[in-house]
1. Would you say residue 22 is out of contact with any helix residue (DSSP H, G or I) (no Cβ under 7 Å at 6 or more places or on another chain), in contact (Cβ under 8 Å) with a residue 40 or more places away in the chain and over 21 Å from residue 130 (Cα atoms)?
2. Of all residues being at pLDDT below 95 and touching a strand residue (DSSP E or B) at 6+ places or on another chain (Cβ under 9 Å) in the stretch 285-301, which is surrounded by the fewest Cβ atoms within 10 Å (Cβ to Cβ)? Just the residue, please.
3. Return yes or no: is residue 205 surrounded by fewer than 21 Cβ atoms within 10 Å (Cβ to Cβ) and under 23 Å from residue 247 (Cα atoms)?
4. Give me the residue from the stretch 136-145 that is surrounded by 24 or more Cβ atoms within 10 Å (Cβ to Cβ) and in contact (Cβ under 8 Å) with a residue 40 or more places away in the chain and, out of that set, nearest to residue 92 (Cα to Cα).
5. Exactly one condition in (1) in contact (Cβ under 8 Å) with a residue 12 or more places away in the chain; (2) under 23 Å from the mean Cα position of the chain (by Cα); (3) closer than 22 Å to residue 124 by Cβ is false for residue 13; which is it?
6. Look through the stretch 246-284, keep the residues that are in contact with a helix residue (DSSP H, G or I) (Cβ under 9 Å, 6 or more places away or on another chain) and either without any contact (Cβ under 8 Å) to a residue 40 or more places away in the chain or buried (at least 24 other Cβ atoms within 10 Å of the Cβ) (or both), and return whichever of them is nearest to residue 340 (Cα to Cα).
7. In the stretch 312-327, which residues are closer than 19 Å to residue 301 by Cβ and either at pLDDT below 90 or within 23 Å of the chain's Cα centre (by Cα) (or both)?
8. Being more than 12 Å from residue 160 (Cβ to Cβ) and either out of contact with any strand residue (DSSP E or B) (no Cβ under 9 Å at 6 or more places or on another chain) or assigned to a strand (DSSP E or B) (or both) is the filter here; which residues of the stretch 111-129 pass it?
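The values are calculated or read from the model by the stated rules, or taken from the named source; none is laboratory data. All values reported here derive from a predicted model rather than from experimental measurement. With ideal geometry, Cβ positions are generated from the backbone for all residues, glycine too; neighbour counts draw on all protein chains shown.
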């Protein structure tokens, strides 16, 4: 299941140095604490604080009945249902709060479910998956935080470790793409598929994430922008100050093939100040193959500015494919030259 040649490396505190100052979010957090409902009140007498007892229903009841909820200040085990947030809600984690998924054999799970909701804020989530305790070898969609078909979501400083699939997944629910999603200072480590996946979204801002040690199941990348179908939308995706470290395949991966179809599409992706350290590929790109839709046109822009690639095995990996009418630009001459060379040699 896991590569024999790949090794998880310890995180260094210096990897966190580029993260956004969140003092303004702390002020909001303290304000919400004053009127919040403490979910610990819903636990039974003589409750256990070591994360070995399933308190899913107790915590979920607190979330269902209150707009602002504070999780207990100790680890809590949740079952395969996970915790589902509601519209117009705020979820607050304390310093020792942690959600741990019980080991299971599912191909799919969502530890924190933010699907199909509007106006949600989550502060300082700490989430642990079952990558090393999973009870089967199938599937790849065990998500730490699932944001599908949601609108106006703010996630502050999430920590997600060891999920069976992606740390955070941002995409579609039914026919609804996610819109106006902001994730600030994410730390996602040793998850099995991708640190963060973006498959369908508009106005998605990922600010100063640290995405490290992603390994185990393809695409094995820190951040993967990869639409699934011609109906998906990739508009105004902003990845600012990302640090990717020791990811098995790529620090950042962009795959556009899934957009190909009957309707012409446009993408807009902006990647600023990307630092990669020791990933196999710092940045990887796949355009279109156009086997079935040869008249399909993909327009838009991909911008990659201010990069720092340190000890990456390859700085850039471009799959043989067609960029159609997408414009790629970078202030980094090395990147620009590689892009120009790539365009000249793409599959026609």
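1. Numbers: out of contact with any helix residue (DSSP H, G or I) (no Cβ under 7 Å at 6 or more places or on another chain): yes; in contact (Cβ under 8 Å) with a residue 40 or more places away in the chain: yes; over 21 Å from residue 130 (Cα atoms): yes.
Taking the combined requirement at face value, the residue satisfies it.
2. 289
3. On the way: surrounded by fewer than 21 Cβ atoms within 10 Å (Cβ to Cβ): yes; under 23 Å from residue 247 (Cα atoms): yes.
In short, yes.
4. 144
5. The number of the failed condition is (1).
6. Checking each candidate, the answer is 283.
7. 316, 318, 321, 322, 323
8. Scanning the stretch 111-129 gives 113, 118, 119, 120, 121, 123.
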